[in-house]
1. Residues in segment 70-101 that are closer than 22 Å to V43 by Cα, in contact (Cβ under 8 Å) with a residue 40 or more places away in the chain and either part of a helix (DSSP H, G or I) or of a type in the set (S, T, N, Q) (or both): how many?
2. Got at least one residue in segment 57-68 being without any contact (Cβ under 8 Å) to a residue 24 or more places away in the chain and farther than 28 Å from T307 by Cβ?
3. Does segment 247-267 include one or more residues that are closer than 30 Å to C95 by Cα, assigned to a loop (DSSP other than H, G, I, E, B) and open to solvent by less than 30 Å² (accessible area, probe 1.4 Å)?
4. Which of (1) open to solvent by 50 Å² or more (accessible area, probe 1.4 Å); (2) on the phi > 0 side of the Ramachandran plot is the odd one out, the single condition G79 does not satisfy?
5. Being over 30 Å from N315 (Cβ atoms), part of a helix (DSSP H, G or I) and either open to solvent by 50 Å² or more (accessible area, probe 1.4 Å) or not hydroxyl-bearing (S, T, Y) (or both): is that true of V52 here?
6. Among the residues of segment 173-196, count how many are among the aliphatic types (A, V, I, L, M) and part of a helix (DSSP H, G or I).
7. Among the candidates E276, E224, single out the residue that is of a type in the set (D, E) and surrounded by fewer than 22 Cβ atoms within 10 Å (Cβ to Cβ).
8. Does any residue of segment 112-120 turn out to be in contact with a helix residue (DSSP H, G or I) (Cβ under 7 Å, 6 or more places away or on another chain) and of a type in the set (V, I, T)?
Amino acid sequence: MLAYLIRRLFAAAVMLVVIIVVVFCIFFLVPKWAGVDPALSFVGKQADPGAVEAIRVKLGLGDPIYSQVWEFFKGLFAGRTYAAGGDVTQCAAPCFGYSFRSEQAIWPLLTDRFPVTLSLALGAAVLWLVFGVSAGVLSALKRGSLWDRGAMVIALGGVSLPIYFTGLLSLAIFSYGLGWIDAQYVPIEESFTGWLGGMILPWITLAFLYAAMYARITRATMLEILGEDYIRTARAKGLKEQTVIGKHAMRSTMTPILTMLGMDLGALIGGAILTETTFSLPGLGQAVLVGIKNQDLPIILGVTLITSLAVLIANLAVDVLYAVIDPRVRLS
């Protein structure tokens, strides 16, 4: 297992380096091919040519792309110094660059917003796993029943309805209409109950979409596994039905669920743009949206790299969990 983890960590590190190089080139090389000068995005189109050139020198935007990539890599681990004449700015490690608009370091901006997105993703993941997987298992065990038909109709609706629709509908009913929930976001350090109240509707809205997908996948996988020979053998040996389902069928069913969870959770940690926008949550998704509107490339680059890292870590954790839930993985 240790050797496997080392190989996976090495592969993840190589993949992260490749992602950084590719993403950096996309964000800073492609605009030049399109005739867009990133320095103008920083100082504005009406700026003095001398100011534009000073920014280009300070940020190294005129250097060859391989030099820019190398400086970016160094900044991640050792910090970076931006200098143009007497104008010197220090960027502590990990340095993800500077915002074109706010002229602030990207890393503190991302770390301020990351806890909001992380709490949104983790809270919603708990809900959709509990309710989605449970609904899928019950539907498979009661195939063709009223519960099965009703649960799959609701799941189809959850998959079909967009988040901004269900989000606005939940706000209109539970917050503005009934007044049961105050949907205003409050930092957890200010008030736990206020934070919890502001996160309930986003959790439910996001979980409704994913729980629907997980219920359908769980049902289909469980139905397939219940027809396997080893399940029939376990029943023929006289094992209790809850043992057959809980110990044997569920372990195999959870393998594709964990695969989906790793991808979905990693992507959501990079920012649930629609959910955060609908509920005005100051997370990474909102930061990306503002960065796109303002053409603030360093912010978009930083969130993209965080998303990639989150996906890599989530998939590494999933690979390790495979050996825990499925004995066949350990034997192989």
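1. Of the residues in segment 70-101, 2 are closer than 22 Å to V43 by Cα, in contact (Cβ under 8 Å) with a residue 40 or more places away in the chain and either part of a helix (DSSP H, G or I) or of a type in the set (S, T, N, Q) (or both).
2. Scanning segment 57-68, I find at least one residue that is without any contact (Cβ under 8 Å) to a residue 24 or more places away in the chain and farther than 28 Å from T307 by Cβ, so the answer is yes.
3. No, because not a single residue in segment 247-267 is closer than 30 Å to C95 by Cα, assigned to a loop (DSSP other than H, G, I, E, B) and open to solvent by less than 30 Å² (accessible area, probe 1.4 Å).
4. (1)
5. When the stated conditions are applied, V52 passes them.
6. Summing the residues that are among the aliphatic types (A, V, I, L, M) and part of a helix (DSSP H, G or I) in segment 173-196 gives 2.
7. Testing whether each residue is of a type in the set (D, E) and surrounded by fewer than 22 Cβ atoms within 10 Å (Cβ to Cβ) leaves just E224.
8. yes
The values are calculated or read from the model by the stated rules, or taken from the named source; none is laboratory data. These numbers come from a predicted model, not from an experiment. Because the Cβ atoms are built from the backbone with ideal geometry, glycine has one as well, and the counts that use them run over all protein chains shown. Side chains included, ligands, DNA and RNA excluded: accessible areas come from the protein's heavy atoms. Shrake-Rupley method; radii C 1.70, N 1.55, O 1.52, S 1.80 Å.
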